[in-house]
Amino acid sequence: MERRSKLLSNLDWTTVFIYILLVLMGWLNIYAAVYSDEHSSIFDFSQRYGKQLIWIGFAFLLAIIVLFSDARIYSGFAYVFYILIILALFATLMFGKVVNASKSWIQVGSFAIQPAEFAKIATILALAKVMGRYNFKLNSFKSYVVAGFIAFFPALIILMQNDMGSALVFGSLIIVFFREGLPGWLLAFFAFLVMLFIFTLVFSTSAIMVTLLLLAGIVFVVIGGKLKAYARLLGIVLGVGVVLYFGSQIFSWKIPFNYIFIIPILVGIVAALIKAIASRSRIVFYSALFLLVSVGLSLSTDYVFEHVLDVHHQKRINDLLGIESDPLGWGYNVNQSKIAIGSGGFLGKGYLQGTQTKFNFVPEQSTDFIFCTVGEEWGFIGSFVVILLFAILLLRLLKIAERQRETFSRIYGYGVVSIMFFHVAINIGMTIGLVPVIGIPLPFFSYGGSSLWSFTLMVFILLKLDSDRYGALG
Amino acid sequence: MSLKLQTDRHFVVSGIVVLVLLTIVIKLFYIQVIDSRYKFSAQNNVLRYVTQYPVRGLIYDRNGKLLVSNKVVYDLLVVKRLVKSFDTTEFANLLDISTDQVREAFTSLKKQRGYSSRKAMVLLKQLPVDVCNRFREQLFRYPGFELQPRTVRKYERHIAAHMLGYVGEVDENTINNNSYYQLGDYIGISGLEKTYEKELRGKKGVNIYMVDVHNRIKGPYENGKFDSVAVEGKNLETTIDADLQEYGEKLMVNKIGSIVAIDPKTGEVLAMVTSPSYDPSLLVGRERAQNFMQLQTDSLKPIFNRSIMALYPPGSTFKVVNALIGLQEGIVHPYTQYSCAGGYTVGRGVGCHIHRSPINLTEAIEMSCNTYFCHVFRNIIDNPEYGSVEEGLNVWRKHVESFGYGHKLGIDLPNELGGIVPSTSFYDKYFRKGGWSSLTIISLAIGQGELSATPLQMANLVSTIANRGYYLTPHIVKSIGDSLSIDEKFSQMHRTTIDSVWYNYVIEGMDMAVNCEPGGGGTARIAALPNIRICGKTGTSQNPHGKDHSVFFAFAPKDDPKIAISVYVENAGFGATWAAPIASLMIEKYLTDSISRPYLENYILQANLLNRRGKTK
Ligand SMILES: [Zn+2]
């Protein structure tokens, strides 16, 4: 009896309140998205809003079960959960059902569930367990390899299922690494590489090369290198470039045009590296290394784009970057989605009054594009409120994570925030054309049981750990 | 990690979260409040995407005769919400369909993917022009309905169904894997329509209109800034001679089999007849599905493209290949003689017909002597130079494959088969390792046994002989649109492993088989033409399911080959009886554009060789 009252008094009710609010708003929007004059009973279980009511009921049940469970099982069985989910992912890969070209669903009776959704929870639990060991420090190569493996191995299997959206979600765990000691410049470098990848798709490789070279030069000079040394290096680079250029012109060497830039730059970088090692200049060494990685990345971008991404994703990225326009193909979805949201205006058209989102102008409107209904019917005000609620929830969860005494709980909390943040930002971002369409659901809003349950479990496990944070010591 | 650093990181992460969400809010504010592009909807307008379907490319024959063009049909679209109640019977009569069909169309309307009562959905597909003209006059009485023009195929000549292929609606799988296609689009499903789909289809366009609640078009959205224009499909010029194709199909009526004719110098396919065939216009329009079902269930398999998919043993025609391999490997000489007294008697034995004896290589081809080629084949396989039977078979196989056997030739049609040239591992499995010898596989000597090839490969083989040692990959398309170049692979020369000199002896034999004196023993004298020197070889391809298939291949004229042809007639018996006259008529038709032997033509036209399956010889 005492335990129960302690649970109730220690429970973070703010989070619970926001959670319930978001789930209910989500359901109202699914109802609006599917709504038509012909079906009007909210308990019509042949319709999506009817089914979603069942999923919500189960979700609440799951939340209660978690709250009354023993908090120690999450840490104690973290590895077991992890191994089980890896097996489930492999099983899906072999026996799964193909939906929209990805093999990520497994049929259990009349239910279809998506193990990738639950892999997120198992992965952050296992990651928290590994990184939460009291002698673990994120400072050696080995520690990065171990933690990196735990965090990204499931993503690899999910990628093999051809579900790129869900796989990318795991990339957000870099935030957890940052919180636990990943140097800030590495995080910045990671962001820089992502940007470089995008720039390379838009601009020509040669332009990127020249820009990088100038950038490295400026950094080098500003940080304190000698202008003279830089000029000498530039001389070498230009010299090799000129030789290659005239060589290709006069002796008709078959050198692709890009390589006339790339080869001298590589020669220059190697020369700088050698000099850096010889003179023990760390700045030269790091800026050269930085350049080397950047050049490598922008060179491999085209390869990755052509060979790793499938046609769907190529199209989406091309369309987003304005390289290719296909208003009937993928561009249609985003165009329609933007029109729906844009037509909502400041105040929105009113609940159930949307014309674009209803009547199937927007595809996948109750799943990945549910935010269109919010934007159209509730306007900017409504959209702002939804985003504000997500912001409050995320910041609240961060605060909860920070107040944990056990490293395990803190890392787990950061994992929850990372994943939820990625889902919210990417999902809403894609409906308004900020990021390419990668099919991931909006937490608590999108139609479907797997996503709702997995986010419910994620949040309530954290709340359980939090309510237990004093008990764990005693 | 110091406590301060930890607090810092907490704030950095919070900062990132806030910053990113703020960016989203700003963008939302921009499109919802500032950008006026989306405000049209305030007046309850909606956008309508109207696809502009391009016209599919035309298909011509080698002489510029039109084979495939397009005709206009209409899809009847409906915006369900705007429909007022109407008299079903009158409506059905107007459209020339039954009231049941109308009801059925309305029930299945709602089951369509992405159904919406506010969107224009397809109610009835491919209505003919005259019906639509009548309906259009009454359209004002039926609010919510409209007609959308589409083009479907029209066949100017009712020939070459298998080769041309047909066009149909895309299936779900294609839509999921190729973002160009959308529900209701047409796509080439077989034949040239499939191979050259990308060139023929052109590119769809789209017009975006603003439409008010009453479905009235208010004008183009954003002045057509987002519209795109449809691009017409490219025309194909094929290598087919439409008249020859038509004649071939006429000759093959009431027979099962195939004719393939190739221009040996270029690899251009002149005619490709598969029988039984069907009228390609059966697979167009509203009756397509029903007709397709009927063709599919027909026991004679009219949809099956025998020319590139049927695998037959080449029979005696294959003796020429064994002769060439023997000559190249030096185990037989043009003047080597063997005697034949009714058959090859070693082992199980292979029978032969009565002819003079002993004979040399050229005569053996002329008279198609089984005994002679059993000797040749065994000498190839058992040649002591190779050291083992296995090695012997490998050498033989390598030669055979250089004639385009045992693999797809790579013609520009889908679903081509490659045939079989048995390998050592095949026989090791079939018998056991070391459990077979040249005698066990002796039927390969006369083109029987585990060997099989398509009629196209047979035509390509005789084309190779006509060229004295090389072939160009057979193909059907000569040019696409305005460009004169086609795939490079069609102009590459494939040389056989046999030296060019040896071909003359074989060709001599094929010449004599057709053109020897009466009583000289030639097996294909029925094919002879007075003014054109045809070189040919008969064959009889054994068939476990009934009477043998009649086979003949030939090229002409001897000194300047312009046509190489293979003919298969299933269950028809000796090659000379049916296949040879058909080939001869085809050659005459192509080279002289006339027929000098009406009696021979009649004999073929009147023959009904169906229903011969299952009967023993
Ligand atoms: Zn004989």
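What the table shows:
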| item | result |
| --- | --- |
| Candidate aspartates and glutamates for bridging to B:Lys429, where Cα separation is under 18 Å - those fewer than 8 sequence places away on the same chain excluded | B:Glu390, B:Glu391, B:Glu450 |
| Cβ-derived FRET efficiency at R0 25 Å, A:Phe77 paired with A:Val146, nearest 0.05 | 0.80 |
| Scattering profile of the protein assembly as shown at q = 0.06 Å⁻¹ [log10 I(q)/I(0), Debye over alpha-carbon scatterers] | -0.71 |
| B:Val12 accessible area, 1.4 Å probe, all protein chains in place, Å² to nearest 10 | 70 |
| Theoretical FRET efficiency, 1/(1+(r/R0)^6), r = Cβ-Cβ of A:Leu434 and B:Met493, R0 56 Å, to 0.05 | 0.50 |
| Potential lengthening between B:His407 and B:Ser596 on full extension [0.36 nm per residue; Cα-Cα distance subtracted] | 64.1 nm |
| Helix-only [θ]222 nm of the protein assembly as shown, DSSP H runs n ≥ 4, -39500 (n - 2.57) each, per residue, nearest 500 | -15500 deg cm²/dmol |
| Solvent-accessible surface ranking, highest first, for A:Lys228, A:Lys6, B:Lys65 at 1.4 angstrom | A:Lys228, A:Lys6, B:Lys65 |
| Percent carbon-and-sulfur accessible area, the protein assembly as shown, ignoring ligands, DNA and RNA, probe 1.4 Å | 60 |
| Calculated FRET efficiency for the pair A:Thr211/B:Lys84, C-beta based, R₀ 60 Å, to 0.05 | 0.40 |
| Within 10 Å of each Cβ in B:117-128, the average number of Cβ atoms from other chains | 1 |
| Whichever lysines have a C-alpha closer than 22 Å to that of B:Lys204, once near sequence neighbours (fewer than 8 apart) are set aside | A:Lys315, B:Lys71, B:Lys119, B:Lys125, B:Lys154, B:Lys194, B:Lys225, B:Lys234 |
| Set of lysines with alpha-carbon distance to B:Lys589 below 21 Å, sequence-local pairs under 8 removed | B:Lys65, B:Lys250, B:Lys255, B:Lys265, B:Lys537, B:Lys558, B:Lys562 |
| Separation in nanometres of the label points that stand 7 Å from Cα toward Cβ, at A:Leu238 and A:Phe90 | 5.9 |
| Largest-first ordering by accessible area, 1.4 Å probe, given options B:Thr538, A:Thr14 | A:Thr14, B:Thr538 |
| With Cα atoms, 0 to 90° folded angle of helix B:129-138 axis to chain B main axis | 10 |
| Stokes-Einstein D for region B:49-238, Kirkwood Rh over Cα pairs, 20 °C, 1.002 mPa s (µm²/s) | 116 |
| DSSP bridge pairs, the protein assembly as shown: antiparallel proportion in percent, nearest 5 | 95 |
| Within region B:332-435, trypsin sites (Lys or Arg not before Pro) in DSSP loop having at most 13 other beta-carbon neighbours inside 10 Å | B:Arg348, B:Arg356, B:Arg432, B:Lys433 |
| Chymotrypsin sites (Phe, Trp or Tyr not before Pro) restricted to region A:387-474 and DSSP loop, no more than 15 other C-beta within 10 Å | A:Tyr470 |
| Ranked order, A:Phe384, B:Phe11 - accessible area, probe 1.4 Å, largest first | B:Phe11, A:Phe384 |
| Estimated inter-spin distance, A:Leu11 and B:Lys4, nm [label 7 Å along Cα→Cβ] | 4.1 |
| Approximate spin-label separation B:Lys198-B:Met293, in nm, with each point projected 7 Å along Cα-to-Cβ | 3.6 |
| B:Glu329 - accessible surface, heavy atoms, 1.4 Å probe, Å² rounded to 10 | 50 |
| In Hz, Karplus ³J(HN,Hα) per residue of region B:331-338 (6.51, -1.76, 1.60; θ = phi - 60°; x = Gly, Pro) | 8, 9, 10, x, 9, 4, 10, 10 |
| Buried area at the B-A interface (accessible, heavy atoms, 1.4 Å probe, summed, Å²) | 4400 |
| Accessible area (Å², 1.4 Å probe, nearest 10) - B:Arg597 | 20 |
| Fraction of the pair-distance distribution of region B:195-255 above 19 Å, Cα-Cα pairs, percent | 63 |
| For region A:453-469, 3J(HN,Hα) per residue [Karplus equation, 6.51 cos²θ - 1.76 cosθ + 1.60, θ = phi - 60°, Hz, x = Gly/Pro] | 5, 5, 5, 4, 4, 4, 5, 6, 5, 5, 5, 5, 4, 5, 5, 9, 4 |
| Helix axis angle, B:503-515 relative to chain B longest principal axis, alpha carbon, degrees | 80 |
| Chain B: angle of helix B:242-251 to the longest principal axis, Cα-based, in degrees nearest 10 | 60 |
| As computed over chain B, the Cα convex hull volume per residue (Å³) | 251 |
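The values are calculated or read from the model by the stated rules, or taken from the named source; none is laboratory data. This structure is a prediction, so every number in the text was calculated from the model and none was measured. Here the Cβ is made from the backbone with ideal geometry for all residues, glycine too, and neighbour counts use every protein chain on show. Heads up: the accessible areas ignore ligands, DNA and RNA and are worked out on the full protein's heavy atoms, side chains in. Shrake-Rupley method; radii C 1.70, N 1.55, O 1.52, S 1.80 Å.
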